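Student: The structure follows.
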Amino acid sequence: MEFHIKCQPEEVSRYVLCPGSQRLAARIAERFDDMKKVADDRGIVVYTGTYKGVLMTSCGTGMGGPAVAICMEELANLGADTFVRVGSCGVFQDSQGPGDIIIATGTVREGGTANAYLPLEFPAVPTYEVLETLVQTAESLEIPYTVGVGIAGDAFYSPRELYEPGLLKKAGLVSVEMESDTLFIVGQFRGLRTGALYASDGTNNETKPVWGEEKYLQGEMDMITIALEGMLAIAKQDSEG
């Protein structure tokens, strides 16, 4: 039994959807058959059930890199090997708004946890096969999406600009959140498969606007569908391979 995720290996799937939000973890788990909460301790909640016949786990990690790293390490010790982050994000581009779906091709590393695994020069990128499957799944479901590079850091209320104003927007960044840099680096270091997709909860100059809440919730539902169907496709590829 692990230090924080107190359940048995048979209660965890190799396929893990890992939002930061416990609410979102529960919402994902609602789509499972025979869903069971198998762990709930120190802000980490874990559900396991089947989705269209495939055993999957939904883990609400809590916010930030340290929590994600702990969950990945412990779930991997319990048998998990595929992690897809499913969460919310802010955006940079004028064309983006609440509810937009972003599939990550990589992340600028502004968090600290991943630095304990690999040097800052090492790129934070998802596993190609997982990225490709998420894109193909969104295409097959005819759900609009954006692919691109985002940024992740530890300080939600950071009081300073780390970069020249407008630089990240000019560079084409499409998302900002707090976990994917760690997810990708820990995955790379430990030999785990990773991917990430988000639903935007704002605009490039407005965070979580009340007028965008309905659009965000629709985007969240679409994001969950892509994640579940994408993981199902990965499981099918594994069984055929």
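Student: Tell me the strands (runs of 3 or more DSSP E) entirely within segment 1-67 that contain at least 3 residues that are in contact (Cβ under 8 Å) with a residue 40 or more places away in the chain.
Tutor: On the way: elements: 15-17, 33-41, 44-51, 54-60.
The strands (runs of 3 or more DSSP E) meeting that bar are 15-17, 44-51, 54-60.
Student: Which one of T82, T61 is among the hydroxyl-bearing types (S, T, Y) and touching a Cys at 6+ places or on another chain (Cβ under 8 Å)?
Tutor: Numbers: T82 fails: touching a Cys at 6+ places or on another chain (Cβ under 8 Å).
After ruling out the rest, the residue left standing is T61.
Student: For G43, are the conditions met, namely being of a type in the set (G, A, S), crowded, with 24+ Cβ neighbours inside 10 Å, in contact with a Gly (Cβ under 9 Å, 6 or more places away or on another chain) and within 23 Å of A114 (Cβ to Cβ)? Give the derivation first.
Tutor: Working: of a type in the set (G, A, S): yes; crowded, with 24+ Cβ neighbours inside 10 Å: no; in contact with a Gly (Cβ under 9 Å, 6 or more places away or on another chain): yes; within 23 Å of A114 (Cβ to Cβ): yes.
For G43, the condition - of a type in the set (G, A, S), crowded, with 24+ Cβ neighbours inside 10 Å, in contact with a Gly (Cβ under 9 Å, 6 or more places away or on another chain) and within 23 Å of A114 (Cβ to Cβ) - is not met.
Student: Right, another one. Exactly one of (1) within 18 Å of F184 (Cβ to Cβ); (2) part of a loop (DSSP other than H, G, I, E, B); (3) touching a Leu at 6+ places or on another chain (Cβ under 9 Å); (4) open to solvent by 20 Å² or more (accessible area, probe 1.4 Å) is unmet by A80. Its number?
Tutor: (4)
Student: Which of the residues spanning segment 147-161 are closer than 17 Å to L120 by Cα and either touching a strand residue (DSSP E or B) at 6+ places or on another chain (Cβ under 7 Å) or part of a strand (DSSP E or B) (or both)?
Tutor: To start, the set of residues in segment 147-161 that are closer than 17 Å to L120 by Cα comprises 149-154.
Passing the criteria: V149, G150, I151, A152, G153.
Student: What residue, among those in segment 190-206 that are of a type in the set (G, A, S) and farther than 19 Å from D81 by Cβ, is surrounded by the fewest Cβ atoms within 10 Å (Cβ to Cβ)?
Tutor: Residues of segment 190-206 that are of a type in the set (G, A, S), as a first pass: 191, 195-196, 199-200, 202.
Going one step further and asking which of them are farther than 19 Å from D81 by Cβ, we end up with 199-200, 202.
Values: A199: 25, S200: 27, G202: 20.
So, considering only residues that are of a type in the set (G, A, S) and farther than 19 Å from D81 by Cβ, the one surrounded by the fewest Cβ atoms within 10 Å (Cβ to Cβ) is G202.
Student: Name the residues in segment 162-206 that are among the basic types (K, R) and assigned to a helix (DSSP H, G or I), would you? Steps first, answer last, please.
Tutor: Keep residues of segment 162-206 that are among the basic types (K, R), which gives 169-170, 190, 193.
Correct list: K169, K170, R190.
Student: Within segment 85-127, which residues are among the hydrophobic types (A, V, I, L, M, F, W, C), over 17 Å from A171 (Cβ atoms) and open to solvent by 50 Å² or more (accessible area, probe 1.4 Å)?
Tutor: First pass over segment 85-127, keeping only residues among the hydrophobic types (A, V, I, L, M, F, W, C): 86, 89, 91-92, 101-104, 108, 114, 116, 118, 120, 122, 124-125.
Cutting the leftovers down to over 17 Å from A171 (Cβ atoms) gives us 86, 101, 103, 114, 116, 118, 120, 122.
Answer for segment 85-127, where residues must be among the hydrophobic types (A, V, I, L, M, F, W, C), over 17 Å from A171 (Cβ atoms) and open to solvent by 50 Å² or more (accessible area, probe 1.4 Å): A116, L120, F122.
Student: Looking only at segment 128-145, which residues are closer than 17 Å to F83 by Cβ and open to solvent by less than 50 Å² (accessible area, probe 1.4 Å)? It would help to see each step written out before you state the result.
Tutor: Our first condition is that a residue be closer than 17 Å to F83 by Cβ; within segment 128-145, this holds for 128-134, 137.
Of everything in segment 128-145, those that are closer than 17 Å to F83 by Cβ and open to solvent by less than 50 Å² (accessible area, probe 1.4 Å) turn out to be V130, L131, T133, L134, T137.
Student: Here's a check for you: in segment 207-241, which residue that is in contact with a Ser or Thr (Cβ under 9 Å, 6 or more places away or on another chain) and not in a helix (DSSP H, G or I) is least open to solvent (accessible area, probe 1.4 Å)?
Tutor: Of everything passing the filter in segment 207-241, P209 is least open to solvent (accessible area, probe 1.4 Å).
Student: List every residue pair whose Cβ atoms sit under 6 Å apart, with the two residues 6 or more apart in sequence or on different chains, where the first one lies in segment 141-165 and is among the acidic types (D, E) and the second, anywhere, is assigned to a loop (DSSP other than H, G, I, E, B).
Tutor: Listed by first residue and then by second, the contacts come to D154/G64; D154/G111; D154/G112.
Student: Oh, and also: Is it true that T50 is open to solvent by 20 Å² or more (accessible area, probe 1.4 Å) and among the polar types (S, T, N, Q)? Write out each step before concluding.
Tutor: Details: open to solvent by 20 Å² or more (accessible area, probe 1.4 Å): yes; among the polar types (S, T, N, Q): yes.
Against the criterion (open to solvent by 20 Å² or more (accessible area, probe 1.4 Å) and among the polar types (S, T, N, Q)), T50 qualifies.
Student: While we're on this one: Looking at this structure, is S95 at pLDDT 95 or above, under 28 Å from K37 (Cβ atoms) and of a type in the set (S, T, Y)?
Tutor: Judged against the criteria, S95 is not a match.
Student: Only one of these is in contact with a Pro (Cβ under 9 Å, 6 or more places away or on another chain) and either over 15 Å from L78 (Cβ atoms) or surrounded by fewer than 21 Cβ atoms within 10 Å (Cβ to Cβ) (or both): R27, R31. Name it. Explain how you work it out, then say what you get.
Tutor: Numbers: R31 fails: in contact with a Pro (Cβ under 9 Å, 6 or more places away or on another chain).
None of the other options fit; the residue is R27.
The values are calculated or read from the model by the stated rules, or taken from the named source; none is laboratory data. Since we're looking at a predicted model, the values are computed, not measured. We place every Cβ from the backbone using ideal geometry, glycine too, and count neighbours over all the protein chains shown. These area figures cover heavy atoms from the full protein model, side chains too; ligands, DNA and RNA do not enter into them. Shrake-Rupley method; radii C 1.70, N 1.55, O 1.52, S 1.80 Å.
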